[in-house]
Amino acid sequence: MRRVINLIMVCCVLALAGCGGGNDGSGGLTGTVSVTSTQTASDFSSTVSFTISYTNPYRTSVGGVPINYTVTVDNVIIDHVATNFNDNGTNTSSFTVSYIIPKTGSEQRVKCVANSANLVSSSIQAVEPLDTLNVTPATQEFSATDLVGSTKTYAISGGSGNYIVSSSSTSLVSVAPSGSTVIATRESANSGTVTITVTDTGTGASVAVQATLVAIPPPD
């Protein structure tokens, strides 16, 4: 009789295992949670996307399985979400979350950690730093034939894209930002050398270039 009871108990355990016992989405999950990541970068930001998937071969539907995920940038939490997988009628469910990460002067580590009951997975993307601020050319000359009001253009590249410009002598040369350029305007017929400074407000970096003025001769 004891052998019969033991046999019945073994059969029950096997039956529960075959039916996915404990795989109800609340605990004891035997499926898998995975996190994969991709990145699309622009000059000044990077879009980082994480696809979070749950697969359970013992379930015909994984709808309603709870999931928590946390996204951090350099270990600082930017998002924490508690939700559920909602694809019914399949044993695999997934969703994608995306974040636009502004670039800085150094590399940033963006990490997503997903947790469903006892299942944990994570993925990391490295957001590359901004390109070094650069202003060209290093110097330009207003010749004697460049009348007052004439202009020279300097090109700006790199940095955060938010620039302020200044002139060491606005009575000789005034300056104004115009997108990714600096427009320098001659304000005097006198000679001189002017330092033009471009500062990236996003990173604090500065670059100095020069404008030299050859005196405009007086009219005959």
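The values are calculated or read from the model by the stated rules, or taken from the named source; none is laboratory data. For clarity, every value in this text was computed on a predicted model and none was experimentally measured. Every residue, glycine as well, gets a Cβ built from its backbone with ideal geometry; the counts of neighbours run over all protein chains shown.
For region 48-75, which residues satisfy the criterion of being exposed (fewer than 15 other Cβ atoms within 10 Å of the Cβ) and over 26 Å from THR90 (Cβ atoms)?
Within region 48-75, ASP74, ASN75 qualify.
Looking only at region 175-187, count how many residues are small (Gly, Ala, Ser) and crowded, with 17+ Cβ neighbours inside 10 Å.
Matching residues across region 175-187 total 1.
Let's see how each residue does on (1) touching a residue at least 24 places away in the same chain (Cβ under 8 Å); (2) part of a loop (DSSP other than H, G, I, E, B):
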position: VAL165; (1), (2): yes, no
position: VAL175; (1), (2): no, no
position: THR185; (1), (2): yes, no
position: SER188; (1), (2): yes, yes
position: THR199; (1), (2): yes, no
position: GLY202; (1), (2): yes, yes
position: VAL207; (1), (2): yes, no
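If you scan region 150-174, which residues turn out to be buried (at least 16 other Cβ atoms within 10 Å of the Cβ), under 22 Å from the mean Cα position of the chain (by Cα) and among the small types (Gly, Ala, Ser)?
GLY158, GLY159, SER160, GLY161
Is it the case, given these coordinates, that VAL148 is in contact (Cβ under 8 Å) with a residue 40 or more places away in the chain and assigned to a strand (DSSP E or B)?
So VAL148 fails the test.
Among (1) out of contact with any Lys or Arg (no Cβ under 8 Å at 6 or more places or on another chain); (2) more than 30 Å from LEU172 (Cα to Cα); (3) of a type in the set (S, T, N, Q), which single condition is SER123 missing?
The number of the failed condition is (1).
If you take the residues in region 85-101 that are surrounded by 14 or more Cβ atoms within 10 Å (Cβ to Cβ), assigned to a strand (DSSP E or B) and not small (Gly, Ala, Ser), which one is nearest to the chain's Cα centre (by Cα)?
ILE101
Out of (1) surrounded by 13 or more Cβ atoms within 10 Å (Cβ to Cβ); (2) of a type in the set (S, T, N, Q); (3) part of a loop (DSSP other than H, G, I, E, B), what's the single condition that is false for SER122?
(3)
Tell me, which residue of region 12-41 that is of a type in the set (S, T, N, Q) and modelled with pLDDT of 85 or more is farthest from THR83 (Cα to Cα)?
THR40
The conditions are (1) loosely packed, with under 14 Cβ neighbours inside 10 Å; (2) touching a residue at least 60 places away in the same chain (Cβ under 8 Å); (3) part of a loop (DSSP other than H, G, I, E, B), and GLU141 fails exactly one of them. Which is it?
(3)
Note down all Cβ pairs under 7 Å where the first residue falls in region 108-133 and is under 30 Å from GLY158 (Cβ atoms) and of a type outside the set (Ser, Thr, Tyr), the second is at pLDDT 95 or above and not in a strand (DSSP E or B), and they're at least six residues apart or on different chains.
Listed by first residue and then by second, the contacts come to GLN108/ASP74; ARG109/ASP74.
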